[in-house]
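First comes the structure, then the notes that go with it.
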Amino acid sequence: MQTASNPHQPIGVYDSGVGGLSVLRAIRTALPHEDLLYLGDQANVPYGERSLEELRELARGVTRFMLAQGAKLIVIACNTASAAALKALRQEYPEVPFVGMEPAVKPAAEQTNSGKVGVLATPSTFQGELYASVVERFASGVEIYQETCPGLVSQIEKGWLETPKTRRILEAALLPLMARGVDTLVMGCTHFPFVIPLIEQITEGKARVIDPAPAVARQTQRVLEERGLLNRQPGAGITRYFTTGDPARFARVLPRLIGVQAQAQALRWQGKDLTPIN
Ligand code: DGL
């Protein structure tokens, strides 16, 4: 197994599908000189209703693949995979820096005026210890309302950011929250920032929306700096995209989500490991 140690190695960014692109976009803005590897495990999306044990196995396979590709740091750009696997991965790979996601309950609790916060995330994220621990640590004195938005991840996977069905799913989640006086909404799933414009329409701009991606990018920068791993190459970094799903579909959705045209390399799960398909 490879030990990450060289600033010129890429950063690995991982999600169940296209959601982690919201984090990748923030990393590219904060760290434009870094080379990036993006992996969407679209053969297994959505992750949100899978068991925590199954998610850990998938995250282990992705980690082995990222390290084999030379990743110096891995961003688990998925709240669900972070909830299931971050702790285990840090124990199993103590030499590898991991940056994970947790629902941004802390800034939400600090910023709410009404004392009512809505958290949008997947069922598996809500079940994990990580979520229980952020609520316990940061949400005292604040009422938290949880919403899973069934079907929303699949809509975003298809790039359907503003269709009537996407709107219906969001209205079903958001209108009851607004009626209760929620004024702050946490994007606890990395897919959801792609529908912030629609969320703002539905809530008539009356709720503050918290997307943790910029904070995750800053954390990535801090960890790289601490370890002397920041890439100081003069030119812009390059990004390589991988999917375990259909690479043509991934490439079609990419411009709609982050305004980038690029090809994706197809990967296949063979047992517990990922291999490239030519
Ligand atoms: N993007 C993911 C997250 O942040 C997972 C969505 C899913 O696959 O269900 O939780």
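Quick notes
- Selected residue (criterion: nearest to ILE210 (Cα to Cα)) from residues of segment 88-102 that are modelled with pLDDT of 95 or more and within 17 Å of the chain's Cα centre (by Cα): MET101
- In the set (1) in contact with a strand residue (DSSP E or B) (Cβ under 7 Å, 6 or more places away or on another chain); (2) part of a helix (DSSP H, G or I), VAL195 fails one condition alone, (1).
- For segment 69-83, residues that are crowded, with 24+ Cβ neighbours inside 10 Å and touching a helix residue (DSSP H, G or I) at 6+ places or on another chain (Cβ under 7 Å) total 9.
- Hey, ALA59 touching a strand residue (DSSP E or B) at 6+ places or on another chain (Cβ under 8 Å) and within 19 Å of THR275 (Cβ to Cβ) or not: yes
- Condition check for VAL105: under 29 Å from ARG167 (Cβ atoms) and within 15 Å of the ligand (Cβ to nearest atom): yes
- Criterion: of a type in the set (Lys, Arg), part of a helix (DSSP H, G or I) and under 21 Å from PRO32 (Cα atoms) - qualifying residue of ARG252, ARG218: ARG218
- Qualifying residue in segment 118-137 (condition: of a type in the set (Ser, Thr, Tyr), modelled with pLDDT under 95 and open to solvent by 60 Å² or more (accessible area, probe 1.4 Å)): no
- In segment 166-195, of all residues being open to solvent by 40 Å² or more (accessible area, probe 1.4 Å) and over 25 Å from VAL18 (Cβ atoms), the one that is farthest from the ligand (Cβ to nearest atom) corresponds to ALA179.
The values are calculated or read from the model by the stated rules, or taken from the named source; none is laboratory data. What you are looking at is a predicted structure, and each value in this text was computed from that prediction instead of being measured. Every residue, glycine among them, receives a Cβ derived from its backbone with ideal geometry; neighbour counts consider all protein chains shown. What goes into the accessible areas is simple: the full protein's heavy atoms, side chains included, and nothing from ligands, DNA or RNA. Shrake-Rupley method; radii C 1.70, N 1.55, O 1.52, S 1.80 Å.
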